[in-house]
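The values are calculated or read from the model by the stated rules, or taken from the named source; none is laboratory data. Only a predicted model underlies this, so the values are computations on that prediction, with no experimental measurement involved. Methodologically, a virtual Cβ is constructed for each residue, glycine included, from the backbone with ideal geometry; neighbour enumeration extends over all protein chains shown. With ligands, DNA and RNA removed, areas are computed over all heavy atoms of the protein, side chains included. Shrake-Rupley method; radii C 1.70, N 1.55, O 1.52, S 1.80 Å.
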Amino acid sequence: MKQLILILTLVFSVPASAQTCNQKVDPKKVVIFVMAHPGMNELKAAREAACQRGETLVVLPEMTDQDRAIMEGSAQKIVSLGDQRNAQSAKLYDEMNAIREKLRNDEKLSKDSKRKTALVAQYQALQDKTTSIRNKFNKLIEGEEKKSEQVSKKYNFSEQHDLNPMLEEKFKKYDKDGTTVASFIVSGHNGGGSFYGDAGRLNKTSIFGLPDKHPSAKNIESLYMLGCYAAAPDEVVSWTKKMPSLKWIIGYSDAAPLTYVPKGAQYLKDMMLSEKKAEGVKNESDLKNLVNHFPSVQTNYSGGGQVCKDKINYFYTKNRAGRTFASMETDNKSGFCDEKVVKTLPSELDAYFNGTKELPKDTSSGPLRALYTAARQNATCLQKQSGFWNGDRAGLLLFFEGVKKNFVRSVQTDDVDYAIANMNNDVKHASSKMDELIKTYMGKLKGLYIPNEKNIATLTRKQLNQEMAKWDQTLGVLNNVRQYLSKTDQSNLKYVNQYHKMLKKYLWDMDPACMDFMEWHEVDAEHRAHTRCET
């Protein structure tokens with residue numbers, strides 16, 4: 001998750017509004033830049049490139065550069081403070097763990113009470129110091145969050161704010177006045193196609209439909225997606241199918257570079273200025289020569305550049321594995337995938353999902369992060385190979401701690417205790433003929449784990465799987481209760497049905513096949529995550 005947060009934290013130096021375009025631009029030919037999260041370096045690069053292209057840059061949502069800089073600066077400080085907090089805490093945690101291991105495993109301590117007492121005191125002191133450090137940094141982070149929130153309130157922004165209506169209104173205006181949109185840029189946190197940030201969110205399906213609804217969008221030839229994994233191979237395929245006018249697709253097939261790193265913005269500018277040169281590309285060799293011309297693509301930090309030309313249909317990526325060119329023909333998707341990786345990915349992900357391997361607390365790097373990246377980059381073939389695993393589901397493992405918190409919030413609106421109490425009351429009033437049998441079923445519900453924010457926090461993936469299995473068994477019990485009550489008195493079914501629905505909802509909500517990645521992978525206290533399986 002660290003990389004997803006860092007991706008949009010830039011250092012603001014020179015206000016982009018200070019830039020002026022000193023050449024003639026066509027007001028009827030525009031480049032739309034939707035910024036779900038402020039990124040001043042990206043904005044500066046887009047303005048310079050649009051000016052050189054003789055086109056008008058339109059930035060959405062509309063706000064002042066000064067306010068963008070405040071939001072961006074706060075976001076960057078929040079990440080920096082969080083990194084400092086975590087680094088200092090991690091060092092103390094290591095010391096605490098070492099003491100804990102001694103207390104558990106050092107047999108000599110049982111005979112040396114003085115040394116044992118000293119170790120316990122040392123452990124407590126480290127724990128207090130850790131708490132103090134975290135409180136200090138959390139207070140500073142809260143201060144930065146308030147700065148950003150003040151700007152958000154000014155424009156009525158939130159991470160859940162749908163940017164699509166604003167976009168629709170802009171295209172309706174262009175339809176009437178004859179404006180043509182040549183390029184579309186979107187920037188924000190991303191997990192594969194959908195973008196969000198402090199200014200709102202925009203789903204890729206909203207962009208897919210633009211050419212069908214708006215004449216001004218029919219000739220969009222280039223798409224720039226500035227977010228992690230936004231242009232992974234399967235994403236590129238979906239964009240070319242949904243928007244056939246596209247000749248040029250640019251983005252990242254890996255974790256995107258930090259946007260305050262200059263080469264990230266340089267990458268955007270280089271690619272925007274290369275569109276004219278791309279018109280001369282006739283074959284794969286030409287495309288390679290074009291890509292090789294730009295150092296920002298060749299050396300791009302842990303990211304991949306996607307270059308797609310509709311007439312030759314070639315895909316280029318630069319990532320951790322090296323540089324790759326592959327055909328994008330519909331009958332030849334194997335070029336997108338590392339077949340050796342695809343064969344082992346499902347079993348490796350299964351190990352984490354089943355709890356054979358413990359999920360790491362820090363997922364900003366390490367083996368699970370590498371598996372997630374591989375799942376995104378090989379999604380086209382992975383789905384066929386496993387029938388289950390894809391980039392989204394791998395991501396839900398990566399952000400398991402956040403997913404658990406979202407899960408608790410999703411069921412907090414249901415008063416579980418109230419339903420159980422009333423359900424027991426229903427059973428007491430059941431007909432005498434069925435009374436004993438029903439009580440037998442109800443007895444099986446005693447001690448059933450009901451998740452709350454406190455007890456779910458400590459559950460491992462393996463333990464959660466075990467609890468979900470119990471819920472599944474309980475559903476069978478409740479089905480029998482419902483059947484017997486339906487034969488006696490329908491009024492007794494009200495709370496039994498309510499409790500049955502709750503347990504079913506638990507299973508749905510924690511089923512990776514039902515979770516929408518963009519709703520579940522991060523925790524937002526004001527937003528209730530929904531499930532695709534919910535009825």
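The number of residues in segment 396-415 that are at pLDDT 80 or above and of a type in the set (Gly, Ala, Ser) comes to 1.
For segment 377-395, filtered to residues that are open to solvent by less than 10 Å² (accessible area, probe 1.4 Å) and within 19 Å of residue 509 (Cα to Cα), the residue that is modelled with the lowest pLDDT is 391.
Does residue 135 count as more than 30 Å from residue 36 (Cβ to Cβ), at pLDDT 85 or above and within 33 Å of the chain's Cα centre (by Cα)? Criteria met by residue 135.
Here residue 148 meets the list (1) within 21 Å of residue 66 (Cα to Cα); (2) open to solvent by 50 Å² or more (accessible area, probe 1.4 Å) almost entirely, failing just condition (2). Consider residue 31 carefully, then state whether it is in contact with a helix residue (DSSP H, G or I) (Cβ under 6 Å, 6 or more places away or on another chain), open to solvent by less than 50 Å² (accessible area, probe 1.4 Å), in contact (Cβ under 8 Å) with a residue 60 or more places away in the chain and among the β-branched types (Val, Ile, Thr). Against the criterion (in contact with a helix residue (DSSP H, G or I) (Cβ under 6 Å, 6 or more places away or on another chain), open to solvent by less than 50 Å² (accessible area, probe 1.4 Å), in contact (Cβ under 8 Å) with a residue 60 or more places away in the chain and among the β-branched types (Val, Ile, Thr)), residue 31 qualifies. Of all the residues in segment 122-139, those that are touching a helix residue (DSSP H, G or I) at 6+ places or on another chain (Cβ under 9 Å) and open to solvent by less than 90 Å² (accessible area, probe 1.4 Å) number 8. Restricted to segment 238-269, and to residues there that are open to solvent by less than 20 Å² (accessible area, probe 1.4 Å) and in a helix (DSSP H, G or I), the residue that is modelled with the lowest pLDDT is 264. Those residues that are surrounded by fewer than 19 Cβ atoms within 10 Å (Cβ to Cβ) and among the small types (Gly, Ala, Ser), I need them from segment 57-106; list them, please. Within segment 57-106, 80, 82, 87, 89, 90, 98 meet the criteria. Per the conditions (1) part of a strand (DSSP E or B); (2) at pLDDT 80 or above; (3) basic (Lys, Arg), the sole criterion not satisfied by residue 318 is (2).
Taken over segment 34-50, the criterion of being assigned to a helix (DSSP H, G or I) and either of a type in the set (A, V, I, L, M) or open to solvent by 20 Å² or more (accessible area, probe 1.4 Å) (or both) is satisfied by 40, 41, 43, 44, 45, 46, 47, 48, 49, 50. If we only count helices (runs of 4 or more DSSP H) wholly inside segment 458-527, which ones have 3 or more residues that are closer than 20 Å to residue 395 by Cα, open to solvent by 20 Å² or more (accessible area, probe 1.4 Å) and at pLDDT 70 or above? It comes to 461-488. The set of residues in segment 107-117 that are surrounded by 12 or more Cβ atoms within 10 Å (Cβ to Cβ) and in a helix (DSSP H, G or I) comprises 109, 115, 116. The number of residues in segment 221-237 that are over 21 Å from residue 371 (Cα atoms), open to solvent by less than 10 Å² (accessible area, probe 1.4 Å), in contact with a Lys or Arg (Cβ under 9 Å, 6 or more places away or on another chain) and of a type outside the set (Gly, Ala, Ser) comes to 1.
In segment 323-337 there is no residue that is at pLDDT below 85, within 30 Å of residue 503 (Cα to Cα), β-branched (Val, Ile, Thr) and open to solvent by 60 Å² or more (accessible area, probe 1.4 Å).
Give 286, 350, 362, 310 a once-over and let me know the one that is modelled with pLDDT of 60 or more, open to solvent by 30 Å² or more (accessible area, probe 1.4 Å) and in a loop (DSSP other than H, G, I, E, B). Sole residue among the options that is modelled with pLDDT of 60 or more, open to solvent by 30 Å² or more (accessible area, probe 1.4 Å) and in a loop (DSSP other than H, G, I, E, B): 362.
When 370, 374, 379, 351 are screened for being more than 30 Å from residue 502 (Cβ to Cβ) and touching a Pro at 6+ places or on another chain (Cβ under 8 Å), only 379 passes.
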